1. Answer yes or no as to whether Ile125 is touching an Asp or Glu at 6+ places or on another chain (Cβ under 8 Å), over 30 Å from Ser176 (Cβ atoms) and β-branched (Val, Ile, Thr).
2. Those residues that are touching a residue at least 60 places away in the same chain (Cβ under 8 Å) and of a type in the set (Lys, Arg), I need them from the range 150-186; list them, please.
3. Just to be sure I understand the filter: pairs with C-beta atoms under 8 Å, separated by 6 or more residues or on different chains, first member in the range 284-300 and without any contact (Cβ under 8 Å) to a residue 40 or more places away in the chain and β-branched (Val, Ile, Thr), second member away from the ligand (no atom under 16 Å from the Cβ) and outside any strand (DSSP E or B). Which pairs pass?
4. Could you give every pair whose Cβ atoms fall below 7 Å, whose first residue belongs to the range 441-456 and is touching a residue at least 40 places away in the same chain (Cβ under 8 Å) and of a type in the set (A, V, I, L, M, F, W, C), and whose second residue is within 7 Å of the ligand (Cβ to nearest atom) and assigned to a loop (DSSP other than H, G, I, E, B), counting only separations of at least 6 or pairs across chains?
5. Search the range 264-282 for residues that are touching a residue at least 40 places away in the same chain (Cβ under 8 Å) and pair each with any residue that is within 16 Å of the ligand (Cβ to nearest atom) and part of a helix (DSSP H, G or I) when their beta-carbon atoms are under 8 Å apart and the residues are at least 6 apart or on different chains.
6. Only residues in the range 344-356 that are touching a residue at least 40 places away in the same chain (Cβ under 8 Å) count as the first member; pair them with residues that are among the charged types (D, E, K, R) and buried (at least 16 other Cβ atoms within 10 Å of the Cβ), Cβ under 6 angstrom, at least 6 apart or cross-chain, and list the lot.
7. Kindly provide the set of residues from the range 130-160 that are surrounded by 18 or more Cβ atoms within 10 Å (Cβ to Cβ) and away from the ligand (no atom under 15 Å from the Cβ), ordered by number.
8. Consider Ala274 against the criteria (1) in a helix (DSSP H, G or I); (2) more than 16 Å from the ligand (Cβ to nearest atom); (3) out of contact with any helix residue (DSSP H, G or I) (no Cβ under 6 Å at 6 or more places or on another chain): it satisfies all of them except one. Which criterion is unmet?
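Each value in this text was obtained by applying a stated rule to the coordinates, not by laboratory testing. These figures come from a predicted structure and were not determined experimentally. Here the Cβ positions follow ideal geometry from the backbone for every residue, glycine too, while neighbour counts run over all protein chains shown.
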Amino acid sequence: MNHEDILKAAGLTGGELSGGTLAVHSPIDGAEIARIRETDPSDMPAIIAKAQDAFKAWRQMPAPRRGELVRLLGEELRAAKAELGAVVTLEAGKITSEGLGEVQEMIDICDFAVGLSRQIYGLTIASERPGHRMMETWHPMGPCAVITAFNFPVAVWSWNTALALVCGDPVIWKPSEKTPLTAMASMKIMERALKRFGDAPEGLVQLVIGGPAIGEALVNSKDVPIVSATGSTRMGSIVGPKVAGRFGKPILELGGNNAMIVAPSADIDMAVRAIVFSAVGTAGQRCTTLRRLIAHNSIKDDLVAKLTKAYASLPVGDPRKSTTLVGPLIDHASRDRMQAALEKAKAEGGTVHGGKVVAEGVPQGGAYVEPAIAEMPKQTDTVRTETFAPILYVMGYDTLEEAIAIQNDVPQGLSSCIFTLNMREAEAFLSAAGSDCGIANVNIGPSGAEIGGAFGGEKETGGGRESGSDAWKGYMRRQTNTINYSAQLPLAQGVKFDF
Ligand code: UN1
């Protein structure tokens, strides 16, 4: 299918794809596939006001009824899975299976949120006073801005949107300027769900497209109490303080520098499979991508030999071809950053396998690379820096304590894992003195998390949690209620105030 047909199948046609100022390129071949209109920053106050109006109606709707909208969204996503997945492949360059996987992640979070819509539980708490009862109620909070990155152009929106909607919050979505078409296609699906739902307020889910001025309007507005932002640590270090400074709630999901420790007892063949998927999948462009391999010195050389062999057979190329495993990087700037990181790694004493630019047998105009393995003498500055490309840095260790120290000695704290068959090592890794990341796994890689768990991480990853578990609490305000059903007015802490 050519790009017009892919976009058409996703409901995007004619007028909305041309005549605008934002040029959209496919990373597959660098071709311009649309020129779309951007939101005028001067329209932002009206957009935010519309979301506030929608909030006033939506918060009154019972949560299970709000869940019905998300149930319908899940149904519409199921029906449009192939079409939306194809737009993800076209616009973000993901291989077909990963494009479809991303839409599946959207469906999964919808299912989760539908259940949640009947489980927005508060606690009841024993009161110290006779004839009193205490409880906690969770209330909707207000419009939620969702700022997403190119690498998961639709799933991250749906994590936030499915939860925000059942929690009673309208959504204003600002997608990456690199991936507005997947956002527009997702909105078509959302609109179908809204239509079937019937009585949702206007402005419940809005899409804004454009650059920093649009983002700033959301970040700076007191009428947008929640700002959920996914992207670089640099972006988060600007957004976080601004939102906190006006007492809004930031939910930040920023850089990762995810590691795997491979212990002497590990099932090496299984580790190799996990390493290749998590270091090379999505062309190394997941927040959760495996970037650092910390291997026990007794098995390191064997592991690197197995990995370089596996890497040599990885098909790099057109992500639409069913045999391809490594698609393009998002753009040429990204490829240049990868090459620069590899040069730096060499200057720091690293030995690099692979990593070359691929020009043969791939669509011309795209940024295709061989995934790289860089054996490093120690954890250098380059290793500590997240480069959004398939580079796997390898370091050796002797004691588990040393391995955990290396794992934790980076600014980021998203995901981590250990491969070991030794229970003591596995539990030590998961303990308070183990991994300092938001995600810590045993015998699986650091990427490809299920939606059921809370997703996010510590340190420069930003501390936010999205998706499953009780991440929904970040989208609501908690109210403590004390109810007196007695005829007396006793004061807490035994205070007397008689008059
Ligand atoms: C991201 O890269 O921003 O765990 C999200 C994973 C996916 C989500 C990644 N479920 O790799």
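1. On the way: touching an Asp or Glu at 6+ places or on another chain (Cβ under 8 Å): yes; over 30 Å from Ser176 (Cβ atoms): yes; β-branched (Val, Ile, Thr): yes.
Yes.
2. Lys178
3. Correct list of pairs: Ile299/Pro264; Ile299/Ala266; Ile299/Ile268.
4. Ala449/Thr288; Phe455/Ala449
5. Going by the 8 Å Cβ cut-off, the qualifying pairs are Gly281/Glu98; Thr282/Glu98.
6. Gly354/Glu370
7. Taking the range 130-160 as the starting set, the residues that turn out to be surrounded by 18 or more Cβ atoms within 10 Å (Cβ to Cβ) are 138, 140-160.
Answer for the range 130-160, where residues must be surrounded by 18 or more Cβ atoms within 10 Å (Cβ to Cβ) and away from the ligand (no atom under 15 Å from the Cβ): Trp138, Pro140, Met141, Gly142, Pro143, Cys144, Ala145.
8. Among (1) in a helix (DSSP H, G or I); (2) more than 16 Å from the ligand (Cβ to nearest atom); (3) out of contact with any helix residue (DSSP H, G or I) (no Cβ under 6 Å at 6 or more places or on another chain), Ala274 violates only (2).
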